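Undergrad: Let me give you the structure first, and then I'll get to my questions.
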Amino acid sequence: MSAKELQINLEFSAGAELLFGNIKRRKLSLDGTVKWTVASLLKWMHANILTERPELFLQGDTVRPGILVLINDTDWELLGELEYELQPNDNVLFISTLHGG
Amino acid sequence: MSAKELQINLEFSAGAELLFGNIKRRKLSLDGTVKWTVASLLKWMHANILTERPELFLQGDTVRPGILVLINDTDWELLGELEYELQPNDNVLFISTLHGG
Amino acid sequence: KAEVHTHLTNDDIARFSRQLILPGFGVQGQLKLKNSAVLIVGMGGLGCPAAQYLAAAGCGRLGLVDYDIVERNNFHRQTLHSEKKEGMSKVDSARIALLELNSSCQIKCHTRLLNSLNAFSVLRAYDVILDCSDNVPTRYLLNDACVMLGKPLVSGSALKMDGQLTVYNYGADGPCYRCIYPVPPPPEAVTNCGDGGVLGAITGTIGALQALEAIKVIVGLGEVLAGRLLIYDGFSNLFRNIKIRSKRPNCHICSAEPLIRDLIDYELFCGMHATDKDNPLQLL
Amino acid sequence: KAEVHTHLTNDDIARFSRQLILPGFGVQGQLKLKNSAVLIVGMGGLGCPAAQYLAAAGCGRLGLVDYDIVERNNFHRQTLHSEKKEGMSKVDSARIALLELNSSCQIKCHTRLLNSLNAFSVLRAYDVILDCSDNVPTRYLLNDACVMLGKPLVSGSALKMDGQLTVYNYGADGPCYRCIYPVPPPPEAVTNCGDGGVLGAITGTIGALQALEAIKVIVGLGEVLAGRLLIYDGFSNLFRNIKIRSKRPNCHICSAEPLIRDLIDYELFCGMHATDKDNPLQLL
Ligand SMILES: [Zn+2]
Ligand SMILES: [Zn+2]
């Protein structure tokens with residue numbers, strides 16, 4: 001265990017979890033000696049926990065259209081999107097948009 | 001404004017707000033130089049903001065049967081009930097039990 | 001004793017295909033539903049949608065309890081009762097509507113007010129009980145009977161624009177109604193839907209969620225809402241998930257050494273009648 | 001042009017008494033409902049309960065849009081369609097069921113697939129639109145048409161054991177669907193209810209909540225779910241209230257200087273057919 005860790009919670013909802021081993025909630029301990037943005041988190045997720053077809057989660061550097069990102073239950077758009085710097089105990093939620101009825 | 005204040009949030013749900021001027025959410029600034037328990041909060045509420053028949057809210061020193069008290073969305077029974085010491089930014093929610101269908 | 005189904009018919013598979021394919025559901029889940037019996041107490045605003053979604057989902061046997069008849073002021077929320085059925089008993093009205101949705105559902109009508117004398121004989125044949133009632137004595141009666149019979153109780157309630165939902169007496173630690181509410185509320189603090197009003201979409205939401213929790217209990221699917229209380233404020237459209245206590249160690253009914261070992265007189269215990277129509281019981 | 005009601009009948013008052021007495025509702029609220037017209041697009045799992053609770057609540061005029069017919073695999077969730085109506089058009093089936101609940105509701109059937117040629121003429125006569133559809137192109141089409149016509153869009157969706165709800169294009173700052181989803185999802189990322197399945201109690205919950213939000217919009221009651229997204233996980237019975245963005249300043253449709261000034265070809269835009277039955281559009 002490193003001396004300094006950044007603890008965050010990841011959550012997946014409405015099907016996004018299917019791309020991540022069908023696990024809806026995870027606690028992450030990231031290296032706390034460097035700055036983490038949502039952009040670097042996405043890269044880390046791709047490298048470490050994305051188990052299914054990456055194109056259903058990522059498109060270029062960001063999430064694909066139809067996935068919402070919420071940080072502490074607030075739309076990431078209100079917080080700077082990819083540039084948002086993760087804070088200790090942040091909760092990052094990825095929601096697939098549903099279209100069925 | 002006193003040098004030291006204890007800020008807490010009060011919430012009322014499912015009809016309990018009707019006893020408190022029909023206001024569902026309030027921010028309180030209590031005297032932060034003394035210790036506040038739920039017991040002393042109830043006394044303060046009775047003296048300061050309870051606008052309707054007190055017997056529909058209090059029975060003796062505690063809330064009447066049929067009102068649930070939640071502190072930060074957790075049943076107060078799990079936290080010591082009347083003896084629980086309020087912490088800064090605690091959220092205290094009073095819910096009337098519903099019986100209709 | 002009811003027949004035990006060991007397979008689904010081709011018609012079942014065609015009909016329930018979009019439910020069968022859900023992860024964790026499958027043919028076994030559908031068979032469990034087909035072999036299940038659910039009792040719904042109260043054919044009002046909550047009972048109508050709950051019954052509707054249980055019958056539609058393929059619950060094999062439904063019991064419906066209500067002593068009341070269909071009145072004009074029910075129509076705005078009790079959506080199994082059509083205009084033509086004004087004056088009919090609510091359970092008969094509901095049964096007709098449910099059989100139109102699923103003619104293979106076996107529906108038993110209990111046209112009576114539940115009380116401590118008849119509760120056991122009515123409840124015994126069912127696996128899960130839904131409290132869709134509208135008054136405090138019936139809520140304590142159902143709780144105590146469910147604890148004594150060891151049956152889960154899916155409890156919904158609604159008033160004005162608010163709703164509440166939880167599952168009592170489920171799992172090793174799941175509390176019962178008395179664990180949460182050891183003492184009944186003072187009668188003057190209780191508002192019924194007749195006096196307070198209620199929106200149909202609120203009862204519709206809570207009733208559908210009651211059906212969902214019953215299905216989860218029967219199929220063994222997901223995380224059942226036990227030890228948690230869902231509260232809904234329709235005015236703001238805000239739901240909250242509240243963690244409530246586990247079993248109360250000294251609960252009078254569900255603890256290891258219960259003080260209450262038989263059903264009691266619940267109207268007397270609560271000081272209220274077991275209907276939503278009356279004033280407090282006149283005790284003297 | 002529809003008659004404007006200026007008073008409630010005695011029958012209205014008797015029938016809606018338990019809704020009328022709600023704080024903030026009253027006779028004026030009931031009159032607003034009676035004079036309102038709501039369009040429900042999709043008579044499936046969401047549209048059935050939404051229509052049911054709107055008709056029951058006294059909505060004066062309902063429009064129902066669906067091109068499809070009642071199939072056996074609809075019954076587990078589409079509770080206005082009774083077994084006898086298999087093969088009937090869904091809107092006709094729903095109309096019959098709704099008139100049994102409230103014979104004074106005026107119901108217009110639009111038995112067609114909405115597209116950019118007919119959408120304006122269908123939507124124009126209604127005050128509030130409910131998106132109870134099952135596919136991406138229809139969701140963009142409804143959004144764009146509602147923005148251009150200045151009508152609020154109550155959008156519900158459901159899949160498996162999950163549901164989502166919000167109100168678009170409502171209030172000065174309320175975002176539209178394109179503000180949140182400027183680019184459609186890749187077709188291969190879209191699961192429909194036919195492939196993924198869905199529980200009826202989930203669509204029942206979201207559909208009832210859509211009716212509730214429509215009633216709040218019409219009556220001017222409570223806090224409408226605009227700029228917020230309700231997400232529901234029925235597996236765990238967890239609701240979350242999410243704060244979403246306000247209007248996007250450069251939204252192609254709802255900003256001050258929109259790039260899109262006419263309805264477009266939404267199947268082409270999305271690369272998908274406007275039904276839940278098909279594979280992605282073959283573009284070449
Ligand atoms: Zn107990
Ligand atoms: Zn927009």
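The values are calculated or read from the model by the stated rules, or taken from the named source; none is laboratory data. This is a predicted model, so every value here is computed, not measured. Note that we place each Cβ from the backbone using ideal geometry, even for glycine, and neighbour counts take in every protein chain shown. Please note that ligands, DNA and RNA were not included when accessible areas were found on the heavy atoms of the full protein model with its side chains. Shrake-Rupley method; radii C 1.70, N 1.55, O 1.52, S 1.80 Å.
Undergrad: Only Lys, Arg, Asp and Glu count, each charged at its Cβ (+1, +1, -1, -1), so figure out the dipole size of the protein assembly as shown about its Cα centre, rounded to 20 debye.
TA: Dipole about the Cα centre, nearest 20: 660 debye.
Undergrad: Of all beta bridges DSSP finds with both residues in chain C, what is the antiparallel percent, to the nearest 5?
TA: 50
Undergrad: Express the carbon and sulfur contribution to the solvent-accessible surface of region A:5-96 as a percent, rounded to the nearest whole number, probe 1.4 angstrom.
TA: 49
Undergrad: Rg and Dmax in Å for chain D, alpha carbons only: what are they?
TA: Here Rg and the maximum Cα pair distance are 18.2, 62 Å.
Undergrad: Continuing with this model, one more query. Provide a whole-number value for the mean count of partner chain Cβ atoms within 10 Å of the Cβ atoms in peptide D:209-216.
TA: Per residue, the number of nearby Cβ atoms from other chains is 5 on average.
Undergrad: Give, as ranges by residue number, the residues of region B:68-95 whose backbone N falls under 11 Å from the point 7 Å along Cα→Cβ of A:GLN7.
TA: none
Undergrad: For chain C, what relative contact order do you get, as a whole percent, if you take Cα pairs closer than 8 Å and at least 6 residues apart?
TA: Relative contact order of chain C: 19 percent.
Undergrad: With each pseudo-label sitting 7 Å past Cα toward Cβ, what's the D:ARG112-C:SER104 distance in nm, one decimal?
TA: A separation of 3.9 nm, rounded to one decimal place.
Undergrad: Sticking with this one: At a threshold of 8 angstrom on Cα-Cα distance, excluding pairs fewer than six apart, so keeping six or more, what relative contact order does region D:1-111 reach in percent?
TA: 25
Undergrad: Right, something else. Under a Cβ-only charge scheme (Lys and Arg +1, Asp and Glu -1), can you give me the dipole magnitude of region B:7-51 about the Cα centre, in debye to the nearest 20?
TA: Using Cβ point charges on Lys, Arg, Asp and Glu, region B:7-51 gives about 60 debye.
Undergrad: On the accessible surface of chain C, probed at 1.4 Å, how many percent belong to carbon and sulfur atoms?
TA: Of all accessible area on chain C, carbon and sulfur atoms account for 52 percent.
Undergrad: Where does the protein assembly as shown land at 222 nm, in deg cm²/dmol rounded to the nearest 500, when only DSSP H runs of n ≥ 4 count, each adding -39500 (n - 2.57), divided by all residues?
TA: Calculated from helices alone, the mean residue ellipticity at 222 nm is -7500 deg cm²/dmol.
Undergrad: List, in order, the whole-Hz ³J(HN,Hα) value for each residue of region C:112-125 obtained from phi through the Karplus relation with A = 6.51, B = -1.76, C = 1.60 and θ = phi - 60°; use x for Gly and Pro.
TA: My calculation for region C:112-125 gives 6, 8, 5, 8, 5, 7, 9, 4, 4, 5, 6, 6, 3, 7 Hz in order.
Undergrad: Report the trypsin sites (Lys or Arg not before Pro) located in region D:75-131 that are in a DSSP loop and have at most 14 other Cβ atoms inside 10 Å of their Cβ, or state none.
TA: Hits after loop and neighbour filter: D:ARG112, D:ARG124.
Undergrad: I'd like the GluC sites (Glu not before Pro) in chain A restricted to DSSP loop residues with at most 13 other Cβ atoms within 10 Å, sorted by number.
TA: Answer in residue order: A:GLU52.
Undergrad: Expressed as a rounded percentage, what relative contact order does chain B have, with Cα pairs under 8 Å and six or more residues apart?
TA: With pairs under 8 Å counted, the relative contact order is 38 percent.
Undergrad: For region B:5-96, build the charge dipole from Cβ charges (+1 Lys, Arg; -1 Asp, Glu) around the Cα centre, then report which of B:GLY32, B:LEU50, B:TRP76 sits farthest towards its positive end.
TA: Of the options given, the answer is B:LEU50.
Undergrad: Here's something else I'd like to know. At a 1.4 Å probe, which residues in region B:58-89 are at least 40 Å² less accessible with all protein chains present than in their chain isolated?
TA: For region B:58-89, once contacts with the other chains are taken into account, B:ARG64, B:PRO65, B:LEU68, B:ASP73, B:ASP75, B:GLU77, B:LEU78 lose 40 Å² or more.
Undergrad: To the nearest 20 debye, what charge dipole does chain D have about its Cα centre, counting +1 at the Cβ of each Lys and Arg and -1 at the Cβ of each Asp and Glu?
TA: 680
Undergrad: Averaged across the residues of C:36-45, what count of C-beta atoms belonging to other chains lies within 10 Å of each residue's C-beta?
TA: Per-residue shielding by partner chains comes out at 1.
Undergrad: Output the 0 to 90 degree angle, nearest 10, between the alpha-carbon long axis of helix B:38-48 and the longest principal axis computed from the alpha carbons of chain B.
TA: The angle comes out at about 80 degrees.
Undergrad: Continuing with the same structure: Quote the total accessible area buried by chains B and C together, excluding ligands, DNA and RNA, probe 1.4 Å, nearest 100 Å².
TA: That pair hides around 2700 Å² of surface in total.
Undergrad: Distances from D:ASP262 to the same position in the other copies: list them in nm, one decimal, shortest first, using label points 7 Å from Cα along Cα→Cβ.
TA: 8.3
Undergrad: Which distance in nm do the two modelled labels at B:ASN72 and D:MET88 give, with both placed 7 Å along the Cα-to-Cβ direction?
TA: Distance between label points: 5.6 nm.
Undergrad: Which pairs, out of A:LYS27/D:LYS247; C:LYS160/D:LYS32; B:LYS43/C:LYS247, put more than 22 Å between their alpha-carbon atoms?
TA: Table pairs above 22 Å Cα-Cα are A:LYS27/D:LYS247; B:LYS43/C:LYS247.
Undergrad: If you roll a 1.4 Å probe over the heavy atoms of the protein chains, what accessible area per residue do you get for region B:5-96, in Å²?
TA: I get 45 Å² per residue for this part.
Undergrad: Sticking with this one: Out of residues 5 or more away from C:GLY234 or on other chains, whose amide H comes under 5 Å of its own, with H placed 1.01 Å from N in the peptide plane?
TA: C:ASP162, C:GLY163
Undergrad: Determine the per residue accessible area of chain C with all protein chains present and a 1.4 angstrom probe, expressed in square angstrom.
TA: 35
Undergrad: Give the longest segment of chain B that steers clear of trypsin sites (Lys or Arg not before Pro) in DSSP loops with at most 14 neighbouring Cβ atoms within 10 Å, not counting the sites themselves.
TA: The segment B:36-101 is the longest one with no such site.
Undergrad: Another question about this same structure. Would you list, by chain and number, the aspartates and glutamates whose Cα falls below 12 Å from the Cα of B:LYS24, excluding same-chain residues fewer than 8 positions away?
TA: B:GLU11, C:ASP233
Undergrad: Would you tell me the mean number of C-beta atoms belonging to other protein chains that fall within 10 Å of each C-beta in A:13-21, as a whole number?
TA: Per-residue shielding by partner chains comes out at 3.
Undergrad: To continue, here is another question. Taking the Cα atoms of the protein assembly as shown, report the difference between the largest and smallest coordinate on each principal axis, in whole Å and largest first.
TA: 83, 68, 60
Undergrad: Taking every DSSP beta bridge with both residues inside the protein assembly as shown, roughly what % is antiparallel (nearest 5)?
TA: 60
Undergrad: For region B:5-96, just run the numbers: alpha carbon Rg, then divide by 2.2 N^0.38 Å, N being how many residues it has.
TA: In units of the globular-protein estimate, region B:5-96 measures up at 0.98.
Undergrad: Whole Å is fine, so just give me how far the alpha carbon centre of region C:170-204 lies from that of region C:68-141.
TA: About 18 Å separates the Cα centre of region C:170-204 from the one of region C:68-141.
Undergrad: Can you give the accessible area buried between chains D and C, summed over both chains, with a 1.4 Å probe, in Å² to the nearest 100?
TA: In total, chains D and C hide about 5700 Å² from solvent.
Undergrad: Here's another thing I want to ask about it. For region A:1-58 and region D:40-57, what is the centre-to-centre distance using only Cα atoms, to the nearest Å?
TA: A separation of 39 Å, based on Cα centres.
Undergrad: On to the next question. Have a look at region C:167-195 and report residues whose accessible surface goes down by 50 Å² or more when the remaining protein chains are included, against the chain on its own, probe 1.4 Å, ligands and DNA/RNA excluded.
TA: C:TYR181, C:GLU188
Undergrad: Work out, step by step, the length gained on full extension between D:TYR67 and D:GLU188: first 0.36 nm times the residue separation, then minus their alpha carbon distance; give nm to one decimal.
TA: In short, 41.1 nm is gained.
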